Amino acid sequence: MGSIRSVADVGIEALAVHVPRHYLDVGTLARANGVDPGKYCFGLGCRRMAVVAPDEDPVVLAVRAASGLFERYDIDPACVGMVVVGTESGVDAAKPIATYVHRMAGLPRDCRTFDIQHACYGGTAGLRMATGWVLGGLRPGKKALVIATDVARYEIGSPGEPTQGAAAVAMLVGDEPRVLRLEPYPEAVHTEEVMDFWRPTYRATALADGHHSIECYLRALEGCWGGFTSSSGLGLGAFDYLLYHSPFPKMAFKAHKRLYELATNGAAGFDPDYERRVLPTLWSNAEVGNAYSASLYVSLAGLLEHAEVDAAGKRVGLFSYGSGCCAEFIAARVGDDAAAWRGRTGLRQVLAARREITHESYLRFRQGHEELARDGSFRTPLAPDGVAFCGTWNHQRVYRDATWPAAVASARPGDTCPPSDVLRPAPRPARAQAGD
Ligand code: HMG
């Protein structure tokens, strides 16, 4: 490890993805909703929606992404000095997801943990926070673990429903940025208070003013791009690939069209340009759906794992948008030795392991989630092994993990009552007596 000079010495050392183990084909959803499948598939560019089973939640996705990262890149979790979770699917108004990740991923005690929320911008805010922390140099040799994790949920039958998805992306940030090196241009950010997409704390599903949100997104893109191009002197042609936050793949098409028109004064040649520089980044989003804060990094993993793209050494532009709204444009370089770590994001493995579900199962899974969020509701997980969500007991979320008591082994999957000796409240420490 040498001395760190600038943001160019810092970036993503390792990146891993986890997605739920089921998906719903959007054609199936369209038929159930009485909508022409062409609207969801071609109009929005969606293909499949990742659907969480009742034993999966943003915590489970985050822990599995982090564990996959440590295993596949052979990283010792002891190197982590900070965990930042970017999410808008918080499971508690006070206790951060980062604390669950910290315990279940086996991280060291001398570690800072917190969540960041700004709609889909949370993952990027975490990444920027982490690079600043590494640059600050107060924990020499330590790395930051940034995880973007979200489960997108809209009302059944609403315009947003076909765009739903879920995923977690774990990124190790440090001073050996083999996967993605951030370039040292001045920050290009845009903030504006807008009501385009929101989720009041009393609701499980998001609300959106859909067409307005598209306009807000495009305005923020123009704001960021104007700032970036004037401070860096780089034009659109300087980028090999452009990754746009993808709430649905057609949004990235609209975004690139806007920038292309601005940059070229409406010159011909948009379609081949889009196919060459944007389309290779979108296949994984079409598989997963909107994973909110994780979406941009699902695109990045898709580019890194694209069968016909050698991204090594290429310059990429990343546009992150979070409703409400805050947005940022970042220039970065993919590491030169991509051949050494390609395949380790786990993206292709987790997608290949998924099972398709029927529309009825999708509705049952949603109902299962609502039930497990109520206090006193518990079910042994259906997932055969690994970290899983079991329900809420004594107002606490209960997860199966490596410390799961052996007594549970005798419970059958799907049992609805808690094995008696699992969920007994932890004994309170004896109070110190005066004079002790
Ligand atoms: P809608 O209003 O029902 O759809 O929902 P539409 O009528 O606008 O149709 C969509 C497209 O399908 C149109 O194409 C139609 O022409 C086409 P476009 O004009 O856009 O090119 N179409 C068809 N194509 C082929 N065959 C057919 C057919 N019928 C129609 N038969 C909307 C669309 C995006 C509004 C909805 O999905 C929604 O509300 N989504 C949620 C909000 C959202 O995703 N906003 C995006 C920007 S904000 C953002 O990205 C932030 C976010 O990720 C949250 C966060 O930050 O946390 C959402």
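Is there a residue being within 16 Å of the ligand (Cβ to nearest atom) and either among the charged types (D, E, K, R) or closer than 19 Å to residue 337 by Cβ (or both) anywhere in the range 268-287? Looking through the range 268-287, at least one residue is within 16 Å of the ligand (Cβ to nearest atom) and either among the charged types (D, E, K, R) or closer than 19 Å to residue 337 by Cβ (or both).
Applying the selection to the range 82-121, what residues are under 25 Å from residue 196 (Cα atoms), charged (D, E, K, R) and out of contact with any helix residue (DSSP H, G or I) (no Cβ under 7 Å at 6 or more places or on another chain)? Scanning the range 82-121 gives a single hit, 92.
Could you pull out the residue among 66, 16 that is more than 16 Å from the ligand (Cβ to nearest atom), over 27 Å from residue 377 (Cβ atoms) and aliphatic (A, V, I, L, M)?
Values: 66 fails: over 27 Å from residue 377 (Cβ atoms).
Just one listed residue meets the conditions, 16.
Tallying residues that are of a type in the set (Ser, Thr, Tyr) and either within 25 Å of residue 151 (Cα to Cα) or buried (at least 21 other Cβ atoms within 10 Å of the Cβ) (or both) within the range 67-85 yields 1. Every residue in the range 53-90 that is under 27 Å from residue 374 (Cβ atoms) and free of Cβ contacts under 8 Å to residues at least 40 places away in the same chain, please. Of everything in the range 53-90, just one residue is under 27 Å from residue 374 (Cβ atoms) and free of Cβ contacts under 8 Å to residues at least 40 places away in the same chain, namely 90. The residues in the range 151-177 that are within 20 Å of the chain's Cα centre (by Cα) and either over 30 Å from residue 25 (Cβ atoms) or within 14 Å of the ligand (Cβ to nearest atom) (or both) can be counted, and the count is 16. Against the numbered list (1) modelled with pLDDT of 95 or more; (2) of a type outside the set (Asp, Glu); (3) within 26 Å of residue 190 (Cα to Cα); (4) part of a loop (DSSP other than H, G, I, E, B), residue 266 comes up short only at (1). Within the range 211-233, can one find any residue that is more than 30 Å from residue 80 (Cβ to Cβ) and not in a helix (DSSP H, G or I)? Scanning the range 211-233, I find at least one residue that is more than 30 Å from residue 80 (Cβ to Cβ) and not in a helix (DSSP H, G or I), so the answer is yes. Scanning the range 286-308 for residues that are out of contact with any Lys or Arg (no Cβ under 7 Å at 6 or more places or on another chain) and without any contact (Cβ under 8 Å) to a residue 60 or more places away in the chain yields 299, 302, 306, 307, 308. Of the residues 374, 379, 424, 428, the single one that is in contact with an Asp or Glu (Cβ under 7 Å, 6 or more places away or on another chain) and at pLDDT below 90 is 379.
Do you know which of the residues in the range 109-128 that are among the small types (Gly, Ala, Ser) and within 11 Å of the ligand (Cβ to nearest atom) is farthest from residue 10 (Cα to Cα)? Restricting to residues being among the small types (Gly, Ala, Ser) and within 11 Å of the ligand (Cβ to nearest atom), the top hit is 119. Among the residues of the range 202-218, is any closer than 27 Å to residue 8 by Cβ and not aromatic (Phe, Trp, Tyr)? No: the range 202-218 contains no residue that is closer than 27 Å to residue 8 by Cβ and not aromatic (Phe, Trp, Tyr).
May I ask you to say which residue of 7, 60 is of a type in the set (A, V, I, L, M, F, W, C), out of contact with any helix residue (DSSP H, G or I) (no Cβ under 8 Å at 6 or more places or on another chain) and away from the ligand (no atom under 16 Å from the Cβ)?
Values: 7 fails: out of contact with any helix residue (DSSP H, G or I) (no Cβ under 8 Å at 6 or more places or on another chain).
Of the residues listed, the single one that is of a type in the set (A, V, I, L, M, F, W, C), out of contact with any helix residue (DSSP H, G or I) (no Cβ under 8 Å at 6 or more places or on another chain) and away from the ligand (no atom under 16 Å from the Cβ) is 60.
Within the group 132, 106, which residue is surrounded by fewer than 21 Cβ atoms within 10 Å (Cβ to Cβ), without any contact (Cβ under 8 Å) to a residue 24 or more places away in the chain and away from the ligand (no atom under 16 Å from the Cβ)?
Numbers: 106 fails: without any contact (Cβ under 8 Å) to a residue 24 or more places away in the chain.
One residue alone meets the criteria, 132.
The set of residues in the range 248-267 that are in contact (Cβ under 8 Å) with a residue 24 or more places away in the chain and within 15 Å of the ligand (Cβ to nearest atom) comprises 248, 249, 250, 251, 252, 253, 254, 255, 258. Taken over the range 192-247, the residue count meeting the criterion of being within 9 Å of the ligand (Cβ to nearest atom), charged (D, E, K, R) and without any contact (Cβ under 8 Å) to a residue 60 or more places away in the chain is 2.
Among the residues making up the range 342-362, those that are over 23 Å from the mean Cα position of the chain (by Cα) and surrounded by 14 or more Cβ atoms within 10 Å (Cβ to Cβ) are 359, 361.
Condition check: buried (at least 19 other Cβ atoms within 10 Å of the Cβ) and touching a residue at least 60 places away in the same chain (Cβ under 8 Å). Does residue 93 satisfy that? Talk me through it step by step, then tell me what you get.
Numbers: buried (at least 19 other Cβ atoms within 10 Å of the Cβ): no; touching a residue at least 60 places away in the same chain (Cβ under 8 Å): yes.
Judged against the criteria, residue 93 is not a match.
The values are calculated or read from the model by the stated rules, or taken from the named source; none is laboratory data. This structure is a prediction, so every number in the text was calculated from the model and none was measured. Note that we place each Cβ from the backbone using ideal geometry, even for glycine, and neighbour counts take in every protein chain shown.
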